[in-house]
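Reviewing the structure listed below.
The values are calculated or read from the model by the stated rules, or taken from the named source; none is laboratory data. In this text the structure is predicted, and so the values were computed from the model without any measurement. FYI the Cβ positions are ideal-geometry reconstructions off the backbone, even for glycines, and counts take in every protein chain you see. Please note that ligands, DNA and RNA were not included when accessible areas were found on the heavy atoms of the full protein model with its side chains. Shrake-Rupley method; radii C 1.70, N 1.55, O 1.52, S 1.80 Å.
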Amino acid sequence: MAQKDLLNNLLYASSPSGSEGPVIELFLKFITPFVDECYTDVNGNFIAHKKGSGKKVMLVAHADEIGLMVSYIDDNGFLYFKEIGGIDTNLLPGRKVRIEGVNGPVIGVIGKKPIHLQGKSEGAKELNVEDLWIDIAASDRSEAESKVEIGSVATTISSPEFLANDIWAAKSFDDRIGLYVLAGVASSLKETNADLYFVASVQEELGARGAQTVTESVSPDVGIAIDVTHATDYPSMSPAKDGDIRLGKGVVIAVGPNMNKQVCEDLKKTAIDSGIPYQIEALARPTGTDARMIQVAGTGVLTGLLSVPCRYMHTPNELISIKDADFAIRLIVEYLKKHYI
């Protein structure tokens, strides 16, 4: 399977936090030829180990995405739900969703009272999840329960689309693009002495739980998270407040207290020496990524964070430039060659 075919398959897969199996299965099939062993831990983290005699380096991208969970089925067969992870509820009405049903996928539509029938106060209010439901065209509760159950998970349906200028739109680039980067590193890295661990972590969207346990298990010398970060190159964003991060301008190296200064400097110097475009993001607090838990797991780990710029994060159509992901692959490969050969 070609690397970009892997990404396409990952973007079609459904993998909300706690149900990462489909994405991990795709990643496993791709990366197995490039490593010495593969295994999963008790929480579902997937670990691919490329053995080496040098320092232990762990590269992590999360396999989960935001999603929905069925919490109630009414007498008429409509499904009510809770949100998994950080979701903008106002973006949900009218979206098609894929529910992992009792006998396979079930397609539904998120419903809401149409604007024609709303009172003045209803149209202006901020939506709550209780204002919405999923319509699977069931005639009653019994029919609905034959297809889905309480606890069934769902994700929005959004096909990957190429727009222009190497920019793609799809759901769940957060963090399928990180897995794409890991796959690219594994398939192109020919020589390094590093004892390498490629990790597809679970439940990042719920507090980086998987990253904490897998870091304590692997106990790496260095841990680098690969994720997306907010691009700020569109209307309503303020470079002074939000930073200056642009699609297509390079991989993003994060600096701040969550990241080790020497790891950041080594990544920057590698990018400069290798002519790899990069951007810098200043993060003054613990990040919302797996890096947050990698750093403080066990007795602590030298931590880095590399990101791919992303517009409209946590929406059904996130935008990234594939060039930035390819720059990230090159940077990691050159960093490993330079510091661990």
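Among the trypsin sites (Lys or Arg not before Pro) found in region 145-190, those both in a DSSP coil and sparsely packed, with 16 or fewer other Cβ atoms within 10 Å of their Cβ, are 190. Restriction of the trypsin sites (Lys or Arg not before Pro) in region 249-305 to DSSP coil positions whose beta-carbon has at most 16 other beta-carbons within 10 angstrom yields no sites.
Computed about the Cα centre, the dipole magnitude for region 182-221 is approximately 100 debye when only Lys and Arg (+1) and Asp and Glu (-1) carry charge, each at its Cβ. For residue 89, the accessible surface of its heavy atoms amounts to roughly 20 Å² (probe 1.4 Å, protein chains only, rounded to the nearest 10). With Rh defined as the Kirkwood radius, the inverse of the mean 1/r over Cα pairs, the Rg/Rh of region 1-68 is 0.99. Using alpha carbons only, the radius of gyration of region 33-168 set against its Kirkwood radius gives Rg/Rh = 1.12. Equivalent ellipsoid of region 210-321: semi-axes from √(5λ) of the C-alpha gyration tensor, largest first, are 25, 17, 12 Å.
Any idea what angle helix 21-31 forms with the longest principal axis of the chain, computed on alpha-carbon atoms, 0 to 90 degrees, nearest 10? With rounding to tens, the tilt is 30 degrees. Counting only DSSP beta bridges with both residues in the chain, the antiparallel share comes to about 60 percent. Along the axis of the charge dipole computed for the chain (Cβ charges of +1 for Lys and Arg, -1 for Asp and Glu, origin at the Cα centre), the listed residues 33, 187, 202 are led at the positive end by 187. Normalised by 2.2 N^0.38 Å, where N counts its residues, the alpha-carbon radius of gyration of region 172-247 equals 1.37.
Label zone of residue 221 (point 7 Å out along Cα→Cβ, amide N under 19 Å): in region 322-341 this covers 332-341. A straight line joining the Cα centroids of region 67-88 and region 6-64 runs 28 Å.
Residues in the chain average 44 Å² of solvent-accessible surface per residue, probe 1.4 Å, ligands and nucleic acids excluded. Rolling a 1.4 angstrom probe over the chain with all protein chains present gives an accessible area of which 50% lies on carbon and sulfur atoms. Each label point was placed 7 Å from the Cα along the Cα-to-Cβ direction; for residue 166 and residue 237 their separation is 1.7 nm. Looking at region 224-341 only, what percent of DSSP beta bridges run antiparallel? Nearest 5 please. So the antiparallel bridges amount to about 20 percent of the total.
The distance from the alpha carbon centre of region 317-339 to that of region 176-235 is 12 Å, rounded to a whole number.
Loop-located trypsin sites (Lys or Arg not before Pro) in region 8-58 (DSSP state other than H, G, I, E, B) with a sparse environment of at most 16 neighbouring Cβ atoms within 10 Å: 51, 55.
If I model the chain as equal point scatterers sitting on the Cα atoms and use the Debye formula, what is log10 I(q)/I(0) at q = 0.10, 0.11, 0.14 Å⁻¹? Debye intensities relative to I(0), on a log10 scale: -0.60, -0.72, -1.09. Model label sites at residue 41 and residue 141, defined 7 Å from Cα along the beta-carbon direction, differ in position by 4.2 nm.
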